[in-house]
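Asker: For reference, the structure I am asking about is given below.
None of the figures in this text is laboratory data; all of them are computed from the coordinates on show. Just so it is clear, the model here is predicted, and its values are computed rather than measured.
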């Protein structure tokens, strides 16, 4: 989950292969965007991009939050990306299998 602002929250739902923008006060879906062929795990906002980890594709995608268009792509050959956030221009994520916490620099 990622707060967009006080009135909007993004949620990644792996079985649906979608990201949902919801109203957190009612849990009503405002809109959804499909992910590629992936299993989305972990999201964060950075400027105008909504970033989503894809455990099947071993990538993290910077998406247009309106259309789902891929604007940027970061390869993550290992370990498997699950929970994810951004801090000091680095993507922080954990791996469910190894229990490692890892970082990858996010270039502007």
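Asker: Of the candidates 35, 26, 98, which one comes out as most mobile in a Gaussian network treatment of the chain with C-alpha springs shorter than 10 Å?
Answerer: 26
Asker: Let me ask something else. In a Gaussian network model over the chain where Cα atoms closer than 10 Å are linked, find which of 12, 53, 90 has the largest mean-square fluctuation.
Answerer: 90
Asker: Here are labelled values, (i) 28, 15, 12; (ii) 98, 36, 8; (iii) 22, 14, 14, and one is the computed semi-axes √(5λ) of the Cα gyration tensor in Å for what I pasted. Which one?
Answerer: This structure yields the entry labelled (iii).
Asker: Counting pairs of alpha carbon atoms under 8 Å apart in space and at least six apart in sequence, what relative contact order in percent does the chain give? Write out the running numbers ahead of the final one.
Answerer: Numbers: 240 pairs, mean separation 16.7, N = 108.
After rounding, I find 15 percent.
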